[in-house]
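Here the structure comes first, spelled out in structure tokens, and everything after it is commentary.
The values are calculated or read from the model by the stated rules, or taken from the named source; none is laboratory data. The model shown is predicted, which means the values in this text are computed figures rather than measured ones. No Cβ is skipped: glycine too gets one built from the backbone with ideal geometry, and neighbour counts run over all protein chains shown.
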Amino acid sequence: METSFNIPNLGKPEIKSPLNLSTVKGDKIFNFVEDEESLVYDLSLKEYERCLNTGSDPLCLEVAGPRESIFFNPEETSAAIVTCGGLCPGINNVIRGTVMALYYFYKVRKIYGIPFGFEGLNPEKGHEFRVLNPDEVKEIHQFGGTVLGSSRGAQSVEVMVDTLVEKKIDILFAIGGDGTLKGANAIATEINKRGLKIAVVGIPKTIDNDIDLIDKSFGFETAFDIASPILRDAHNEATGANKGVAIVKLMGRDSGFIAASAALAMPVVNFVLVPEMNFELYGEGGFLEVLDQRLKNKGHAVIVVAEGAGQHLFEQKEKVKDASGNIQHQDIGILLKDVINKEFKGELGGVKYIDPSYIIRSAPANSSDSIYCSRLAYHAVHGAMAGKTMFVAGERNGRFVYLPIDAVTQKRKKINLEGEFWFSVLQSTGQPFQMP
């Protein structure tokens, strides 16, 4: 665990904020946030008692929000936005929110979109920056994907910083997941090495909800919201035949939050298989034996599997990685379909396999995610204009805070198989705790 969540600053903020907020303290609400305002990271009684007994201060997080004094002069400031990695509902909402906050809150007029991820910071790729303003982004929230385009894979950090300097960019907003945030941190490190005054801000994007330390990442709620009616239809397929089986594969490379949440939201699922669990197909108490018992008792079964589940069931082969450095998993959905068909040898009414992954990740954000995306963007802009760098804006314990990029990228968030959330899944599905 980090011993400090301090956020680096480019320098002392000495410019009066253009935001017209109350600065009266006393009995009135003080709308600006002071850097000294913080929130306790661990709210447990155990941590509270530890601090009392040891006399130590609790680990705290910096509260997000507008500062009374800012670092960048809005009239001279140039900001750029880049989106990297896989698609996710809400990216366009974040782009829109960032542009609107820069333009209307701080009167920043030089705002650019970097095309096709970090590729856009490599001149050899031939991509031109795109001018962004409220008219350009006013309707993009209605569409999925990213209007700026995205890409995977690393570019030369030195080249990317050279481009930021050449384009006279003062603030870089990087919207992306674990790999993107690590790339943004590397850019910020090179900027610091050169003694430049360029802020680098991350807005965490991962549909799998596996960013550590924050409550949730944007796009996650939309993902299991869209998946829910698909599970309903899969249930209809399974119950429409004697001993019918429906398999739905959902996203979740290392964490099974989408699969588990979708199953809870649409409680017609009988088995949820996630990367965090080890299960066996054969033997006493194995998945196939439990499935057989389910079919004999109920006459149908709906199985939801996360894409990263059951990789230990494949023959060990050389691991292949994508351009982002992620291990390319083999298709557990196809494996389950083939094994079930082979094991039951025509006894089933049919095995239907559904993979809606690309439909889900390319969809526009739902209402809840849309609100969340806008608020994330606003808080990222407030921190950036105050001269903060190497941080992400996120929600922790229901409050928006700033966290260092390197803190949230140390590990991936995973389902606790002994926690209340997973126990809720087991109660909903009726599946055994272990297989075996």
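Numerical summary
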{"item": "Residue that is surrounded by the most Cβ atoms within 10 Å (Cβ to Cβ), among those in region 408-435 that are over 17 Å from residue 305 (Cα atoms) and touching a strand residue (DSSP E or B) at 6+ places or on another chain (Cβ under 9 Å)", "result": "408"}
{"item": "Which numbered condition residue 286 fails, given (1) within 19 Å of residue 422 (Cβ to Cβ); (2) surrounded by fewer than 22 Cβ atoms within 10 Å (Cβ to Cβ); (3) touching a strand residue (DSSP E or B) at 6+ places or on another chain (Cβ under 7 Å)", "result": "(1)"}
{"item": "Single condition residue 269 does not satisfy, out of (1) under 15 Å from residue 429 (Cα atoms); (2) within 12 Å of the chain's Cα centre (by Cα); (3) of a type in the set (A, V, I, L, M, F, W, C)", "result": "(2)"}
{"item": "Residues within region 133-169 that are in a loop (DSSP other than H, G, I, E, B), over 20 Å from residue 122 (Cβ atoms) and not hydrophobic (A, V, I, L, M, F, W, C), tallied", "result": "5"}
{"item": "Check on residue 136, in the same structural domain as residue 178 (by TED's automatic domain parsing) and buried (at least 19 other Cβ atoms within 10 Å of the Cβ)", "result": "no"}
{"item": "Any hit, region 40-50, residues being assigned by TED's automatic domain parsing to the domain that holds residue 209, aromatic (Phe, Trp, Tyr), at pLDDT below 95 and surrounded by 13 or more Cβ atoms within 10 Å (Cβ to Cβ)", "result": "yes"}
{"item": "Residue match in region 197-208 (condition: of a type in the set (A, V, I, L, M) and more than 30 Å from residue 167 (Cα to Cα))", "result": "yes"}
{"item": "Selection count where residues are closer than 19 Å to residue 41 by Cβ, part of a loop (DSSP other than H, G, I, E, B) and not β-branched (Val, Ile, Thr), scope region 371-413", "result": "6"}
{"item": "Output for region 171-188, where each listed residue is part of a strand (DSSP E or B) and either closer than 18 Å to residue 87 by Cβ or touching a Cys at 6+ places or on another chain (Cβ under 8 Å) (or both)", "result": "173, 174, 175, 176"}
{"item": "Flag for residue 200 being in a helix (DSSP H, G or I) and surrounded by 22 or more Cβ atoms within 10 Å (Cβ to Cβ)", "result": "no"}
